[in-house]
Amino acid sequence: MKFDRNISTGLVSVAALAAAGSTAAAQNFDGTYVGMYYGAVSGDYPSTSSSEDYAFEDQTAFGVFAGKNWSASGNLTAGLEVALQTTNTYEEDSEYYLNHLTDVKFKVGTEFALSDMPVLVYGFAGVSLGSATAEDGDEPYLAIGGNLGFGADVKVSDMLSVGIEHTQREMSSHYTDDNATVGNGTTSFRAAIHF
């Protein structure tokens with residue numbers, strides 16, 4: 001599946017980056033953090049009246065997130081994060097909107113030093129929820145499914161980190177009498193304050 005190939009490629013890249021940082025950093029990402037992100041979302045939505053898939057036009061996405069990291073053995077870090085995203089993935093021919101995405105992500109990563117800056121590279125998996133509506137104004141309906149992804153954060157000060165992340169989702173939804181699978185992904189730049 002395209003979903004699996006994209007994630008596998010990303011996780012291999014994350015592992016290679018982690019291996020390149022041979023100098024271990026102290027556990028600088030422990031604790032609670034909050035932040036925001038800005039990026040682009042794209043994907044597809046099957047038509048409920050035909051076998052044709054409609055591609056979302058790339059749309060901007062804005063979100064906020066909060067989470068907590070814990071030290072494990074060695075440089076291993078585990079974490080839990082909740083992200084709330086607002087976007088508008090309307091595509092003219094499909095007459096669908098997918099918005100107000102919520103991602104719950106269970107993270108595992110490794111820390112190392114790069115030019116004396118603490119770096120965290122990680123992968124994650126979890127659950128995603130989305131509110132979807134049709135152009136004709138029908139009541140919103142729920143899209144639910146799983147997410148996989150990867151990312152990297154760099155501490156630029158004791159309290160501030162910046163990073164990049166990709167989240168890929170496979171979500172099922174119900175519209176009229178049909179069930180459909182919504183595939184979508186968000187690539188974003190992130191900034192967080194650590195406490």
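The values are calculated or read from the model by the stated rules, or taken from the named source; none is laboratory data. Treat the numbers as computed from the prediction; the structure is a model and nothing was measured. Heads up, the Cβs are rebuilt from the backbone with ideal geometry, glycines too, and the neighbour counts pull from every protein chain shown.
All but one of (1) closer than 19 Å to His100 by Cβ; (2) modelled with pLDDT of 95 or more hold for Ala152, so report the exception by its number.
Among (1) closer than 19 Å to His100 by Cβ; (2) modelled with pLDDT of 95 or more, the lone unmet condition for Ala152 is (1).
Applying the selection to the stretch 69-79, what residues are surrounded by 15 or more Cβ atoms within 10 Å (Cβ to Cβ), farther than 15 Å from Thr167 by Cβ and at pLDDT 90 or above?
Taking the stretch 69-79 first, the residues surrounded by 15 or more Cβ atoms within 10 Å (Cβ to Cβ) are 69, 71, 75, 77, 79.
Filter once more, keeping what is farther than 15 Å from Thr167 by Cβ: 69, 71, 75, 77.
Selection gives Asn69, Thr77.
Could you tell me which residue of the stretch 125-145 is farthest from Gly31 (Cα to Cα), considering only residues that are at pLDDT 95 or above and either hydrophobic (A, V, I, L, M, F, W, C) or exposed (fewer than 15 other Cβ atoms within 10 Å of the Cβ) (or both)?
Initial filter on the stretch 125-145 (at pLDDT 95 or above): 125-127.
With either hydrophobic (A, V, I, L, M, F, W, C) or exposed (fewer than 15 other Cβ atoms within 10 Å of the Cβ) (or both) added as a condition, the list becomes 125, 127.
Details: Ala125: 20, Val127: 22 Å.
Only one residue tops the list, namely Val127.
Consider the stretch 155-180. How many of its residues are of a type outside the set (Gly, Ala, Ser) and modelled with pLDDT under 65?
If we filter the stretch 155-180 for residues that are of a type outside the set (Gly, Ala, Ser), which is where we start, we get 155-156, 158-160, 162, 164-171, 174-179.
Still in the running and modelled with pLDDT under 65: 174-179.
Here the count works out to 6.
Residue-by-condition table, conditions (1) at pLDDT 80 or above; (2) in contact with a strand residue (DSSP E or B) (Cβ under 6 Å, 6 or more places away or on another chain); (3) surrounded by 14 or more Cβ atoms within 10 Å (Cβ to Cβ):
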site	(1), (2), (3)
Thr89	no, yes, yes
Ser94	no, yes, yes
His100	yes, yes, yes
Asp103	yes, yes, yes
Ser115	yes, no, no
Pro118	yes, yes, yes
Gly123	yes, yes, yes
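If you check every pair at least six apart or on different chains, which have Cβ atoms under 9 Å apart with a residue in the stretch 30-48 that is under 30 Å from Glu111 (Cβ atoms) first and a residue that is of a type in the set (Asp, Glu) and modelled with pLDDT of 95 or more second?
Tyr33/Glu81; Tyr37/Glu165; Gly39/Glu165
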